[in-house]
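The values are calculated or read from the model by the stated rules, or taken from the named source; none is laboratory data. Every value quoted in this text rests on a predicted model; they were computed, and no experiment measured them. Note: ideal-geometry Cβ built from the backbone for every residue, glycine included; neighbour counts use all protein chains shown.
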Amino acid sequence: MSDDIRLRAIGITGDSDALASIEPAEAEIHEMHRSDLDALKDGAAMLTQSGNRVAALAVMWSAVAIAPTDLGAHRRLAAMLANAADIDGAANEYARYIEFMIPIGDVGRATMELAYGAKVLGGHPSLREAAEKIVTAVRALVPGDAVAAAPTLPLPRLLPKVPFRFCVHDDGDRHWMQLEGGTTELVPSAVRLLDRNDEVIETRKFIPLAAGQKGHAKIVEGEPNGVAWVVLGVTDEVVAALDAGKPSPYRVEAKVGDEWISTVLVDTGCRIGRRSKVAVS
């Protein structure tokens, strides 16, 4: 009869088979992990059905955070972003998944997902960058001096997206987009508008919203108040695209800490309101 304290520490005593005892425990942990993931997927589906798209996206971001290589969670998040007209976000999600596949050696899965993403979104720059990383990984399969000199791929990381509600106001010959949002975890300090070529069109500082202070933009039921607001000048082209429910020709990024990250924009339908101007940062 064994009295190994290492076995007793994990609940195994006597002559029982240690491996047989450990395997069920690992299976139970895996099942708990899978249960949490399924719960997040189901929650996102219910929020989407109720029209709360911002909260649904936040839940799916949590799902891919706990299971970054889960194909179902990844595909669902990418589809939700694409359906919300966030093509850049959807492409970045495909690129993120591919970047997780390469370090674990699943180049085949990465290649298949690249083909799937390109079929859905077309030739997006993020997918082209992902393709180059796959090429580098494939070359690394063959030993050689050229491969040895190839740069090491950085470890991928998940970047959250800052949620905002927006209104559009007409001010004669100009249009203004008022953004309200952010969260207590993602407090934006500035915002910038970029064109199709990633050139910065405008940058402005956010104005904080005090705790309990209601902003101008209508709040979707079940969503928290924002923590900051700002007004950006936008063109007729942007307004026409928003009114038609089409993807905006420009994209919005928010500065959180020292980093510029993507945003999730939800149209409140409001087209009138305050027009306070803020200083350009």
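Of note:
- Residues in the stretch 184-196 that are touching a Pro at 6+ places or on another chain (Cβ under 7 Å) and not charged (D, E, K, R): 1 in all.
- Enumeration of residues in the stretch 92-123 that are farther than 21 Å from Val138 by Cβ and either in contact with a strand residue (DSSP E or B) (Cβ under 8 Å, 6 or more places away or on another chain) or not acidic (Asp, Glu) (or both): Asn92, Val120, Leu121, Gly122
- Screening the stretch 71-84 for residues that are hydrophobic (A, V, I, L, M, F, W, C) and surrounded by fewer than 17 Cβ atoms within 10 Å (Cβ to Cβ) and picking the one that is nearest to Ala140 (Cα to Cα) gives Leu71.
- Within the stretch 179-206, the set of residues being polar (S, T, N, Q) and either surrounded by fewer than 12 Cβ atoms within 10 Å (Cβ to Cβ) or modelled with pLDDT under 90 (or both) comprises Thr183, Thr184, Asn197.
- Complete set of residues in the stretch 151-170 that are surrounded by fewer than 19 Cβ atoms within 10 Å (Cβ to Cβ), modelled with pLDDT of 65 or more and charged (D, E, K, R): Asp170
- When we screen Glu185, Glu180, Glu202 for residues that are acidic (Asp, Glu) and in contact (Cβ under 8 Å) with a residue 60 or more places away in the chain, the only hit is Glu202.
- Residues of the stretch 165-182 classified as closer than 16 Å to Arg204 by Cβ and either of a type outside the set (A, V, I, L, M, F, W, C) or assigned by TED's automatic domain parsing to the domain that holds Val54 (or both), total: 8
- Counting only helices (runs of 4 or more DSSP H) that sit completely within the stretch 30-128, zero hold 3 or more residues that are at pLDDT below 90 and at positive phi.
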